[in-house]
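Values in this text are rule-based calculations from the coordinates and carry no lab data. Since the structure is predicted, the reported quantities are computational estimates derived from the model, not experimental observations. In this analysis, Cβ positions are derived from the backbone assuming ideal geometry, glycine residues included, and neighbour counts consider all displayed protein chains.
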Amino acid sequence: MPSSLDAYLTSALEGAASGRPIADAIRHLCTAAVKVRNTIIEGGTSGDLGGQRGETNSDGDIQKELDVLADKAFLKAAKDSGFAFFGSEEQEGPVRLSEDGDLAIAIDPLDGSSNISTNVSIGTIFSILPVSAEQKANPDTVFRQKGANQLAAGFFTYGPQLHLVLTVGDGTHVFLFSPKFGGFVEQTASVSIEPRAKEFSANMSNYRHWDTHIRNYIDDLLAGAEGPREREFGMRYVGSLVADAYRILTRGGVFLYPGDERKGYQKGRLRLMYEANPVAMLVEQAGGAASDGTRRILDIEPESLHERVPFVFGSKREVERIARYIADSDALA
Ligand code: P6P
């Protein structure tokens, strides 16, 4: 009988500061995830899951029916968990939920929703943070704390299977939702990312917008065995962060979403608080690395809840190599 998520949470968080509220929160998040997954499978409430609502979120992304449903489901989960604050891609700013809670959640309730209508795996990405008394008095500071402060991080994938990829600081674990066992059961006790990448993951249509260093790095990958890397590299890119991250966690590789010259893309596309930080914690806990190209993601001091960050993560040696390409001043020649 595989270990249940409940058994894992009890053992991993026993005696930890905020252990019980974090365990409780993860259980509530799982309930919301199952609701979202069931809605996807049933084709949604209005039968047009991917249908646009004619509104946009704080980031200008067109909201889909399922975006709003997911945001509501996870907002309820956060309230039921006693969180003090809820910071969501779908909300303009921090939402205060309780005066008593000592935890906050930064969340992308439905990441990759542009893929709904193509039946590609999408997901929910979350980051659980501590809230100090000073931060309670000044809500804008709650989501301006670096990723190294995270107490837990994870993502759900709504694909052929419903997975929870989770860390509470003791490694990265994969749980599978199994109705047969009546809930989430442990599938992988401790993920370990292959240190030597065989694949890279990037939206190559942006190649012409990247700076010389990144283009040199990609060129050397594409040169394969005849080039300076002297070996072949594959490429996989889903365009759904949870799908790309899950693949890299399970078989290694390196993901790049660099900043580029275009207005609005100087810091790339991905958000620091509820995409890069949680994925970075999961990847580091699995022995990988995550940076903005040069700085460790978890050390970056955020300035706002929705800020974007260039994002590189995966096999540690490859992330470190990219930093060397960026530092190579000769490349500007
Ligand atoms: P692009 C999905 O919309 C998302 O936020 C991430 O899930 C994904 O990694 C990225 O955007 C894909 O962006 O520009 O390649 O479509």
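At 0.36 nm per residue, minus the direct Cα-Cα distance, what do Asp100 and Glu14 gain on full extension? Give it in nm, one decimal, please.
Details: separation 86, 0.36 × 86 = 30.96 nm, distance 2.15 nm.
Going from the current span to full extension adds 28.8 nm.
Using a 10 Å cut-off on Cβ atoms, rank the peptides 18-26, 106-114 from the highest mean neighbour count down. Show your work: numbers first, answer last.
On the way: 18-26: 19.2, 106-114: 26.1.
Ranking, from highest mean packing down: 106-114, 18-26.
If I fit a long axis through the Cα atoms of helix 19-41 and take the longest principal axis of the Cα atoms of the chain, what angle between them do I get, 0 to 90°, rounded to 10?
Helix 19-41 sits at roughly 80 degrees to that axis.
Give the long-range amide H neighbours of Glu194: residues separated by 5 or more places, or on another chain, with amide H under 5 Å away, using H modelled in the peptide plane at 1.01 Å from N.
Residues meeting the criterion, in which the H sits 1.01 Å from N, are Gly252.
Can you pull the one-decimal nm distance between simple spin-label points at Arg236 and Asp219, each 7 Å off the Cα toward Cβ?
2.8 nm
Any idea what the dipole of the chain comes to, in debye rounded to 20, about its Cα centre with Lys/Arg Cβ at +1 and Asp/Glu Cβ at -1? Mind showing how you got there, number by number?
Working: 35 positive and 46 negative charges, 104 e Å.
Value, rounded to 20: 500 debye.
Among Gly154, Val312, Val191, flag the residue with its Cα farthest along the positive direction of the charge dipole of the chain, charges on Cβ as +1 for Lys/Arg and -1 for Asp/Glu.
Working it through, the farthest residue towards the positive pole turns out to be Val191.
At 222 nm, what helix-only mean residue ellipticity would the chain give, in deg cm²/dmol to the nearest 500, using -39500 (n - 2.57) for each DSSP H run of four or more? Can you show the working numbers first?
Details: 8 runs with 96 residues, N = 333.
Calculated mean residue ellipticity at 222 nm is -9000 deg cm²/dmol.
Treating cross-link reach as a plain straight distance, find the lysines whose alpha-carbon is under 18 Å from the alpha-carbon of Lys64, omitting any fewer than eight places away in the same chain.
By straight Cα distance, Lys64 reaches Lys35, Lys72.
Between the helical axis of 65-80 and the dominant principal axis of the chain, each derived from Cα atoms, what acute angle in degrees is found, rounded to the nearest 10?
The answer is roughly 60 degrees.
Determine which aspartates and glutamates satisfy two conditions relative to Lys136: a Cα distance under 16 Å, and not lying fewer than 8 residues away in the same chain.
Here the aspartates and glutamates satisfying the reach criterion relative to Lys136 are Glu99, Asp100, Asp102.
Ser132 versus Ala7, label points 7 Å from Cα toward the beta carbon: distance in nm?
A separation of 4.0 nm, rounded to one decimal place.
What is the diffusion coefficient of the stretch 127-221 in µm²/s, taking the Kirkwood radius over Cα pairs and the Stokes-Einstein relation at 37 °C with a viscosity of 0.692 mPa s?
On the way: Rh = 17.3 Å.
For these conditions, the coefficient is 189 µm²/s.
Starting from the Cα of Asp80, move 7 Å in the Cα-to-Cβ direction to define the label point; list residues of the stretch 106-127 whose amide nitrogen is under 20 Å from there.
Once the point is set 7 Å along Cα→Cβ of Asp80, 106-111, 123-127 turn out to lie under 20 Å by backbone N, inside the stretch 106-127.
Using per-residue counts of other Cβ atoms within 10 Å, averaged over each peptide, order 74-85, 125-136, 196-207 from highest down. All intermediate terms of the calculation are to be shown ahead of the outcome.
Values: 74-85: 21.8, 125-136: 20.1, 196-207: 17.1.
The packing order, highest mean first, is 74-85, 125-136, 196-207.
Hey, what did the stretch 202-333 get for relative contact order, percent, Cα under 8 Å, at least 6 apart? Don't skip to the answer; put the middle values down first.
Details: 198 pairs, mean separation 35.7, N = 132.
Computed value for the stretch 202-333: 27 percent relative contact order.
Which order, highest average first, do 151-161, 295-305 follow once you tally other Cβ atoms within 10 Å for each residue and take the mean per peptide?
Working: 151-161: 23.1, 295-305: 16.0.
Packing order, densest peptide first, comes out as 151-161, 295-305.
Can you bin the stretch 271-333 into rounded, prolate or oblate? Criterion: square roots of the alpha carbon gyration tensor eigenvalues sorted a ≥ b ≥ c, rounded for a/c under 1.5, prolate for a/b above b/c, oblate for the rest. Show your work: numbers first, answer last.
Working: a/c = 3.00, a/b = 1.38, b/c = 2.17.
Oblate shape, in that a/c is at least 1.5 and b/c is the bigger or equal ratio.
Which length gain, in nm to one decimal place, applies between Tyr265 and Asp211 when the Cα-Cα distance is subtracted from 0.36 nm times their residue separation? Write down the numbers at each step before the final one.
Details: separation 54, 0.36 × 54 = 19.44 nm, distance 1.24 nm.
18.2 nm is the gain from fully extending Tyr265 to Asp211.
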